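Structure first, then comments.
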Amino acid sequence: MKKRKQIEEKFFRVLMFISTNLIVIILLLIIFSILYKGLPALSWSMISQTPKGGFYFGKEGGILNAIIGSLYLSIGSTLLATAIGLPVALFMNVILVKHKRFIDTIRFFLDLLWGIPSIVYGAFGFTIMIYFGIQTSLLAGIITVTLFIIPIMVRAMDEVLKTVPVGLLETSLSLGSTHSETAFKVFLRQASPGLVTAILLSFGRAIGDAASVLFTTGYTDHIPTSLGQPTATLPLSIFFQLSSPIEEVQERAYASAVVLTVIILVISVLARLYAKRYQKHKINF
Amino acid sequence: MKFRIGRHLRSRLHLIWMIISLMIVILLPFILGIGLYIKSTLLLEDKKFGELLFSSDWRPLSGHFGFLTFAISSVWVTVLALLIAGPICLLTAIHLTQYAKNWVLKIMHPVIDILAGIPSVIFGVWGILVIVPFISKVIAPMFGVETSGYTILTGAIVLAVMIIPFVLNILIDVFKMVPDELKEASLSLGASKWQTIKLVLLRKAIPGIISAFGLGVSRAFGETIAVLMVVGNVTKIPSGIFQPGYPLPALIANNYGEMLSIPMYDSALMLAALILFFVVLVFNFLSRVAIVRLEKHTS
Amino acid sequence: MKTNVITNFLILMTSAMVFQGCGPSGSDKSKVSGKLEGTISISGAFALYPMAVKWTEEFQKENPGVRIDISAGGAGKGMTDALSGMVDLGMVSREISQAEIDKGAWFIAVTKDAVMPTISTENPVLKDLQAKGFTKEIFQELFLTENPHTWGEFIDVPNTDKIIVYTRSDACGAAEMWGKYLGKNQESLRGVGVFGDPGIANAVKQDKFSIGFNNVNYAYDLKTRKNYEGMIVLPIDQNGNRTIDPEENFYGNLDSVMAAIQSGRYPSPPARDLYFVSNGKPVKPAVVAFLDWILSSGQQFVHEAGYVELSDTKISSEREKLK
């Protein structure tokens, strides 16, 4: 009897070891295959030029249109989402602190919203665009992506702000600050590294998502000079150019993949660093 | 005096800013749902919902909008993905929380976070580069099947890898929530570590496990780009995992271009988006409820 | 104070963004001191895409004040975008339907090309296929039904490799025209759906047992005038005698293919006129000028880009539409 139990335990332990390592291997495999295909395609001209002769077809040029377009889009939507998300997170944790049920309801709502696929936002954004007569443009893309990342941003910020000790709130109020001053001056400063992590993570989601920009932002060879123009984005640069039989066009897709992956990796690292700084930064009552 | 007024005004403005933002966030899901519903009504007026959902006749040019094919494809891919990811996540979560040394967990955290942050397109590229040839040249021949590699199975594998970080993170949290006292009590009664895990930990964590899987389902159901790139996009009910499929999100993404030229096509696609919205919402809801219940039980 | 800075910055950014031009037409000044200015947005068929890009390049040389954005997404998208006002011109590679005309579609023919059946150059029975070709009936059997077939079946060769059929997953003119040639439409086509003309070209290239269809300039390399490496056009046996006679054999290079399209030796459909579509007659000066230019100076670039020129009578009647 005992023998069988031991064998069973051993068996599962081996499986567990394999599955844990499997995950690491898969991650490395993904990064490796992207680099393998993408690094050879990466060159100075690739990241400093826009595609010539049409992005589907032309053999010269690079992906500058997608890089700049993605940066404009993601920075724009992250700022907008922060402008809406930060106050909500602060409101929940500073002003609503006593009304537990209200906060929990909002948190529940946010958790529900959090999982809604980006294509739903894209479809919705497209409908709105048609209704208002907005053409596929940077602006439409920014609005759609903003809506998409607001739940992510608020949830992440909420997690951070939750950990700020209530004592801080009480002390601040007892010293004569108003609620919103407490929120924006005290809590913000206290939680800032953690909030930066939240912003970075949302930025990462914004720059990498394709489904929300597929309908709304369009695609073009040029770098946008105003909000009303369509723009190329890195995810779509990959999606559209990957399946081309023309080598040079495919290369652009792989180069975009590498650039995007590198950006995400850098953001992950930064986000972790800020999270660590927040841990050290925290005051405990 | 001046300073006082300035301060209060600013505080007021901040408060207004916060409330407006809160309104936006709360109204968002309603606006989404209502907007999609309004666009879908055109089609819903014409045909009954049951008819639409359970018919596999998808010929928009002749006015037939049967969603069954896509719904079934979605279900296949999602269930398969969960079957693949589930055991891996369970095993890994148990390993990390019960057996592994601290440094392993420290390494796994960044690994999981990075995996979670990788954009969908990149998974699609990886799928095309690695998984598609793997299926068509290695796995399929093993079963004596000939295939292009663009199959339900391929989609499921890519999807599984994508949901692993989320499900895993939740499982880790869930297992950590089970109080140590319970485990210690079991051990002190003579059970082995493995028995403790099987009979105590897992049993206690069942609501949490279900919840984690539920959230995995909702993530998998809505994933668009990565699956679209590898799943084949053939409008036919798949007869096996080595057949191509056509999940609901792929339907929307592939056809939004044709939306306005064919009457009611845009309604149909919006309805598809609405269905997606609801399925995800329902699974999210049930999973969150399960987690809340678990928290109540274990605290 | 941190919040002050953030707040002020946000207000500045928002106002800058709002004022910079979020309207549908962006900056759109008409002829100022003889120079044409404005923006034109174009989207739609992959078929017209390379031609539109070439036209844009040449037009922008003469009119540097005009900025043109082109993206491809299939003819269906071109029509949708044009009708909804999302773009100024939609590229459409199939006939405009009555329903679309009722919705306000105004269209103008700008050039001609064709859809052709394509296979991989690694196909095991390539030589026999090139000598015998496939008839329309064979294509109908392959693309309209799901019956499995082998490559050897139709050319009387002992080969048992299964034929893998590819089609387009996006709503496009190519599939519509190919379907029309086979007597149906895009919806009736069966096969693995791949997005975009480049997509299906790539799928055909990678899979040696594949058969698909492509626009002529995604099958032929414009520079070399020969088929793109890895894929090749499967000749159509039009008279059904199971050989490709000399008059049916024009697939060797791009120019002879185009001559065949123009003279009608290649069937039409799948050869077709290519259109620009707009929601009602265009009024933007830049757009009108562009279309007029296309039908005059623009036609000289058609041949080089792998397309067939419109006949002179056709050109004059189309130009009438602009007036």
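Looking at the stretch B:140-203, which GluC sites (Glu not before Pro) are in a loop (DSSP not H, G, I, E or B) and have at most 16 other Cβ atoms within 10 Å? Spell out each step's value before the answer.
Numbers: sites: B:GLU146, B:GLU181, B:GLU184; in loops: B:GLU146.
Passing sites in the stretch B:140-203 are B:GLU146.
If you take each beta carbon of peptide C:42-51 and count the beta carbons of other chains within 10 angstrom, what is the mean? Spell out each step's value before the answer.
Numbers: counts 1, 7, 1, 0, 2, 0, 0, 4, 5, 1.
Average per residue, whole number: 2.
With θ set to phi - 60° and the Karplus curve 6.51 cos²θ - 1.76 cosθ + 1.60, what are the ³J(HN,Hα) couplings of the stretch C:167-181 in order, to the nearest whole Hz, using x for Gly and Pro?
In residue order, the calculated couplings are 9, 9, 8, 8, 6, 9, x, 4, 5, 4, 5, 4, x, 5, 4 Hz.
Explain nothing, just compute: Karplus ³J(HN,Hα) = 6.51 cos²θ - 1.76 cosθ + 1.60, θ = phi - 60°, for every residue of the stretch B:7-13 in order, whole Hz, x for Gly and Pro.
Per-residue couplings from phi come out as 4, 5, 4, 4, 4, 4, 4 Hz.
Using a 10 Å cut-off around each Cβ of peptide A:6-19, what is the average number of partner chain Cβ atoms that fall inside?
Details: counts 2, 0, 4, 6, 1, 1, 7, 6, 1, 7, 11, 5, 4, 11.
Averaged over the peptide's residues, the number is 5.
Would you mind checking the stretch A:135-174 for residues with the amide N under 19 Å from a putative spin-label position 7 Å along Cα→C-beta of A:LYS100?
Once the point is set 7 Å along Cα→Cβ of A:LYS100, A:159, A:161-170 turn out to lie under 19 Å by backbone N, inside the stretch A:135-174.
For chain A, set up a Gaussian network in which alpha carbons nearer than 10 Å are linked by springs, and say which option among A:LYS162, A:LYS52, A:LYS100 fluctuates the most.
Of A:LYS162, A:LYS52, A:LYS100, the Gaussian network model singles out A:LYS100 as fluctuating most.
Quick one: which residues, 5 or more positions from B:PHE65 or on another chain, have an amide H under 5 Å from its amide H? H modelled 1.01 Å from N in the peptide plane, none for Pro or chain starts.
B:ARG59
Would you kindly calculate the translational diffusion coefficient of the stretch A:2-41, applying Stokes-Einstein with the Kirkwood radius from alpha carbon pairs, for 37 °C and a viscosity of 0.692 mPa s, and quote it in µm² s⁻¹ without decimals?
For these conditions, the coefficient is 268 µm²/s.
Which order results if A:MET16, B:MET142 are arranged by neighbouring Cβ count within 10 Å, fewest first?
Exposure proxy ranking, most exposed first: B:MET142, A:MET16.
What dipole magnitude, in Debye to the nearest 20, does the stretch A:44-281 give about its Cα centre under +1 on Lys/Arg Cβ and -1 on Asp/Glu Cβ?
Magnitude of the dipole: close to 800 debye.
What residue among C:ALA260, C:ALA99, C:ALA174 shows peak mean-square fluctuation when chain C is described by a Gaussian network model with Cα springs under 10 Å?
Sorting by GNM fluctuation, first place goes to C:ALA99.
Arrange A:ILE246, B:ILE19, A:ILE84 by Cβ neighbour counts within 10 Å, fewest through most, would you?
On the way: A:ILE246 20, B:ILE19 14, A:ILE84 23.
Placing the least packed residue first, the sequence is B:ILE19, A:ILE246, A:ILE84.
Name the long-range amide H neighbours of C:ASN214: under 5 Å, sequence gap of 5 or more, or other chain; modelled H, no Pro or chain starts.
Distant-sequence amide H within range of C:ASN214: C:MET116, C:THR118.
With bins 5 Å wide starting at 0, give me the P(r) of the stretch B:2-46 over every alpha carbon pair, in whole percents.
5, 19, 12, 13, 10, 9, 8, 7, 6, 4, 3, 2, 1
Enumerate the calculated ³J(HN,Hα) couplings along the stretch A:158-175 in order (Karplus 6.51 cos²θ - 1.76 cosθ + 1.60, θ = phi - 60°), each rounded to whole Hz, writing x wherever the residue is Gly or Pro.
Whole-Hz 3J(HN,Hα) from phi for the stretch A:158-175: 4, 4, 5, 5, 4, 7, 6, x, 4, x, 4, 4, 5, 4, 4, 5, 5, 7.
In peptide A:26-34, what is the residue-averaged number of other protein chain Cβ atoms found within 10 Å of each Cβ?
6
Looking at this model, which pairs from C:LYS54/C:LYS112; A:LYS52/C:LYS205; C:LYS205/C:LYS226 are more than 18 angstrom apart at the alpha-carbon?
A:LYS52/C:LYS205
Name the long-range amide H neighbours of C:THR39: under 5 Å, sequence gap of 5 or more, or other chain; modelled H, no Pro or chain starts.
Hits under the 5 Å cutoff: C:ARG67.
Looking at chain B as a GNM with Cα springs under 10 Å, which of B:TRP17, B:TRP126, B:TRP194 has the largest mean-square fluctuation?
Among B:TRP17, B:TRP126, B:TRP194, the largest mean-square fluctuation in the Gaussian network model of chain B belongs to B:TRP17.
For A:LYS10, which lysines qualify as cross-link partners when the Cα separation must be under 25 Å and same-chain residues fewer than eight apart are set aside?
Within the straight-line limit of under 25 Å, A:LYS10 reaches these lysines: A:LYS2, B:LYS101, B:LYS106, B:LYS176, B:LYS183, B:LYS193, B:LYS198, B:LYS204.
Read the figures in this text as sums done on the coordinates, not as results from a lab. As the structure is a computational prediction, the values presented were derived from the model and not from experiment. As a convention, Cβ positions derive from the backbone with ideal geometry for all residues, glycine included, and neighbour counts pool all protein chains shown.
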